[in-house]
Amino acid sequence: MNTSIEALLNDQIKYEAQASMHYLAMASWADSNGYNGIANFFYSQSEEERVHMTKLVKFVNERGGHVIVPELSKPQDSYSSLKELFESFLSSEIFVTEQINHVIFECLDKKDYNVHNFMQWYVTEQLEEEAVARTLLDKLNIIGDDKSGHYLFDRDINMITTAVDPTE
Ligand code: OFO
């Protein structure tokens with residue numbers, strides 16, 4: 001494997017791991033603030049990101065590359081509002097999408113079509129995750145500071161989460 005592509009895939013392993021810890025901290029914050037539905041949603045998102053990370057680790061090893069299990073910084077663990085929580089979720093997903101686009105660009109530049117093909121799964125995944133993050137943030141913007149709206153949001157997000165398998 002091209003060494004610059006290998007380095008980019010290792011960076012991507014770190015971003016997926018960071019997103020997993022970031023969402024775990026979000027889940028924990030929501031759990032301790034009485035938002036059990038939102039907590040379940042982020043526990044599930046955290047699990048999904050861990051799956052994305054492991055998929056990359058296995059791929060790099062299969063291709064004979066060297067995996068660097070990353071050191072991570074402590075994620076933000078407190079939020080002033082649900083809006084701030086979901087803004088952070090959306091910006092995290094936008095950041096990951098940008099990094100994946102960068103990997104795709106470099107794959108084409110270095111003519112590594114195998115990695116390019118593998119990364120298409122992540123492109124599709126990001127499209128879906130960004131759309132979910134945007135929809136949820138739009139709903140929170142409509143609800144504003146209405147506490148009964150927050151209650152219903154928490155109840156509804158729980159129904160979405162229990163219908164989804166994070167490993168798929
Ligand atoms: Fe890894 O799927 Fe979003 O970040």
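Just check region 52-112 against the gyration tensor rule for me: Cα atoms, a ≥ b ≥ c as the square roots of the eigenvalues, rounded for a/c under 1.5, and otherwise prolate or oblate depending on whether a/b exceeds b/c. In terms of gyration-tensor shape, oblate. Across region 27-77, Cα-Cα pairs more than 14 Å apart make up 65 percent of the total.
Counting Lys and Arg as +1 and Asp and Glu as -1 over every other residue whose Cβ lies under 12 Å from the Cβ of residue 148, the net charge comes to -1.
Ordered from highest to lowest accessible area with the whole protein assembly present and a 1.4 Å probe, 119, 1 read as 1, 119. Against the chain, whose longest principal axis is taken from its Cα atoms, helix 113-143 shows a tilt of about 10°. Against the main long axis of the alpha-carbon atoms of the chain, helix 82-109 sits at an angle near 10°.
Computed over the chain with a Gaussian network model linking Cα atoms closer than 10 Å, the most mobile of 61, 36, 101 is 61. Measuring between their Cα centroids, region 35-64 and region 77-129 lie 13 Å from each other. Residues considered: 113, 23, 122. Largest GNM mean-square fluctuation over the chain, using C-alpha springs under 10 Å, is found at 113. With bins 5 Å wide beginning at 0, the percent of Cα pairs of region 1-117 falling in each bin runs 2, 12, 20, 21, 16, 11, 9, 6, 3, 1, 0.
Think of region 11-168 as having a plus end and a minus end, set by charges on the Cβ of Lys, Arg, Asp and Glu; of 119, 56, 30, 56 sits farthest toward the positive end of this dipole.
Ellipticity at 222 nm from helices only: DSSP H runs of n ≥ 4 in the chain, each -39500 (n - 2.57), divided by the residue count, give -28000 deg cm²/dmol.
Simple spin-label estimate for residue 58 and residue 114 gives 1.7 nm between the two label positions (7 Å along the Cα-to-Cβ direction from each Cα). Applying a threshold of 30 Å to the alpha-carbon distances of 74/111; 58/111; 55/147; 55/111 flags 74/111; 55/147 as lying beyond it. Only alpha carbons enter this Debye calculation for region 112-164, each as an equal point scatterer, and the log10 of I(q)/I(0) it gives at q = 0.29 Å⁻¹ is -1.09. If R0 equals 41 Å, the separation of the Cβ atoms of residue 142 and residue 105 corresponds to a calculated FRET efficiency of about 0.70. Compared with the direct C-alpha span, the chain from residue 3 to residue 83 gains 24.7 nm at full extension, assuming 0.36 nm per residue.
The values are calculated or read from the model by the stated rules, or taken from the named source; none is laboratory data. Not measured: the values here are computed from a predicted model. All Cβ positions, glycine included, derive from the backbone under ideal geometry; neighbour counts span all protein chains shown. Just so you know, the surface numbers come from the protein's heavy atoms only, side chains and all, with ligands and any DNA or RNA stripped out. Shrake-Rupley method; radii C 1.70, N 1.55, O 1.52, S 1.80 Å.
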